[in-house]
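Take a look at the structure set out below.
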């Protein structure tokens, strides 16, 4: 945990949140430097709510702002905004983003695959252009329906 509070407060909050390490007091540039150091080991997510967190939110692989109590700068800088208080919805947001990435990949495969098949089929005369257009529009509807599955995503 990176905090601009004093070290004792930061350690107490970290213990309540189940975080092993707390670094404090850090100015915004200190948070950015710490994030860059952690990013060498892999992706880093930063959760913040204040103006002093905005540079670190921008430097993180994924910046997450606390929407209810967050400053406008933090909300604009973050990649993701949690509208409820607390971090309880963060696991849901991570699961939803992973599922959405999978659906996006599926949609790309469907759309590009159908286009490739229809181009080859049209070149060799297996389908007429009018049939290819109708089939392509059908694949577009399939992509939209696949994307709409995300509306029913549950935790």
Inset, instruction - Report yes if residue 10 is more than 30 Å from residue 145 (Cα to Cα), more than 13 Å from the chain's Cα centre (by Cα) and at pLDDT 85 or above, otherwise no. - result: yes
Legend entry - Matching residues in segment 17-37 - criterion: being out of contact with any strand residue (DSSP E or B) (no Cβ under 9 Å at 6 or more places or on another chain), in a helix (DSSP H, G or I) and within 15 Å of residue 59 (Cα to Cα): 28, 29, 32, 33, 36, 37
Inset, instruction - Among the numbered conditions (1) closer than 19 Å to residue 14 by Cβ; (2) modelled with pLDDT of 85 or more; (3) surrounded by fewer than 18 Cβ atoms within 10 Å (Cβ to Cβ), tell me where residue 69 comes up short. - result: (2)
Inset, instruction - Report yes if residue 14 is part of a helix (DSSP H, G or I) and more than 30 Å from residue 154 (Cβ to Cβ), otherwise no. - result: yes
Legend entry - Complete set of residues in segment 61-96 that are under 20 Å from residue 148 (Cβ atoms) and out of contact with any strand residue (DSSP E or B) (no Cβ under 8 Å at 6 or more places or on another chain): 92, 95, 96
Legend entry - Members of segment 1-57 that are under 24 Å from residue 83 (Cβ atoms), loosely packed, with under 15 Cβ neighbours inside 10 Å and touching a helix residue (DSSP H, G or I) at 6+ places or on another chain (Cβ under 9 Å): 19, 51
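The values are calculated or read from the model by the stated rules, or taken from the named source; none is laboratory data. Just so we're clear, the structure is a prediction, and the values are computed from it rather than from any experiment. So basically every Cβ, Gly included, is an ideal-geometry build from the backbone, and we count neighbours across all protein chains shown.
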